[in-house]
Amino acid sequence: YLADETGHPFKKADVEAGETEHLPIVTGIGRDEMRTAPHETSELITRAFGVIARWRANAMRPEISEVHVDVHHSVTLRTYDRGVAIQLGALRELEERLTTFDAAWTELSDAERARVTALHLDARSDQVTVAFAKD
């Protein structure tokens with residue numbers, strides 16, 4: 001579905017016609033949720049849009065193709081280029097997690113960044129776990 005800036009889904013997307021090209025996708029929100037809790041769903045979609053906006057505030061960060069929101073409202077981002085999973089965790093601590101991501105990403109060399117498959121930002125500390133692809 002396509003959603004407006006207020007998070008309200010307004011149209012089923014025609015993927016084959018290219019309507020979703022270059023648009024980040026919000027996943028993890030089911031159709032049943034949209035029907036039974038439309039206000040809460042719109043609010044969650046709007047918060048996901050906010051994550052994208054805050055992510056894009058730093059041009060050094062990789063471009064995002066997907067924001068996945070799980071049942072606990074934890075966020076995982078996926079990059080366009082290689083589908084790297086960036087597990088940010090709960091929305092309520094987003095700014096701190098973005099700062100931690102930036103610090104970790106800056107420490108990686110270009111060669112290391114090219115091998116990253118996932119980053120997990122720990123909710124209880126400022127630690128980052130980075131998974132690399134095998135050579």
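Looking at the structure I just gave you, is Ala104 over 15 Å from the mean Cα position of the chain (by Cα), open to solvent by less than 90 Å² (accessible area, probe 1.4 Å), over 23 Å from Glu5 (Cα atoms) and modelled with pLDDT of 90 or more? When the stated conditions are applied, Ala104 passes them.
Please tell me if Phe10 is under 30 Å from Val130 (Cβ atoms), aromatic (Phe, Trp, Tyr) and either open to solvent by 50 Å² or more (accessible area, probe 1.4 Å) or over 16 Å from the mean Cα position of the chain (by Cα) (or both). Taking the combined requirement at face value, the residue does not satisfy it. Taking the criterion of being surrounded by fewer than 19 Cβ atoms within 10 Å (Cβ to Cβ) and either touching a strand residue (DSSP E or B) at 6+ places or on another chain (Cβ under 8 Å) or aromatic (Phe, Trp, Tyr) (or both), the residues of region 57-75 that qualify are Pro62, Glu63, Ile64, Ser65, Glu66, His68, Asp70, His72, His73, Ser74. For region 56-79, give me the residue count where each residue is hydrophobic (A, V, I, L, M, F, W, C), out of contact with any Phe, Trp or Tyr (no Cβ under 9 Å at 6 or more places or on another chain), in contact (Cβ under 8 Å) with a residue 24 or more places away in the chain and not in a strand (DSSP E or B). Adding up the residues that qualify gives 1.
The set of residues from region 1-37 being in contact (Cβ under 8 Å) with a residue 12 or more places away in the chain and not in a loop (DSSP other than H, G, I, E, B) comprises Leu2, Ala3, Pro9, Ile25, Val26, Thr27, Met34. Scanning region 85-96 for residues that are under 16 Å from Ala48 (Cα atoms) and either surrounded by fewer than 16 Cβ atoms within 10 Å (Cβ to Cβ) or at pLDDT below 90 (or both) yields Gly89, Ala90, Leu91, Arg92, Glu93, Leu94, Glu95.
Taking Arg82 as the residue in question, decide whether it is surrounded by 13 or more Cβ atoms within 10 Å (Cβ to Cβ), free of Cβ contacts under 8 Å to residues at least 40 places away in the same chain and assigned to a loop (DSSP other than H, G, I, E, B). Judged against the criteria, Arg82 is a match. Residues in region 16-29 that are touching an Asp or Glu at 6+ places or on another chain (Cβ under 9 Å) and either within 20 Å of Glu40 (Cβ to Cβ) or loosely packed, with under 10 Cβ neighbours inside 10 Å (or both): Ile25, Val26, Thr27, Gly28.
A count restricted to region 93-117 and to residues that are farther than 19 Å from Val75 by Cα and not in a helix (DSSP H, G or I) stands at 2.
The values are calculated or read from the model by the stated rules, or taken from the named source; none is laboratory data. Fair warning: this is a prediction, and the values are worked out from it, not measured in the lab. In this analysis, Cβ positions are derived from the backbone assuming ideal geometry, glycine residues included, and neighbour counts consider all displayed protein chains. Surface accessibility is based on the protein's heavy atoms, side chains included, excluding ligands, DNA and RNA. Shrake-Rupley method; radii C 1.70, N 1.55, O 1.52, S 1.80 Å.
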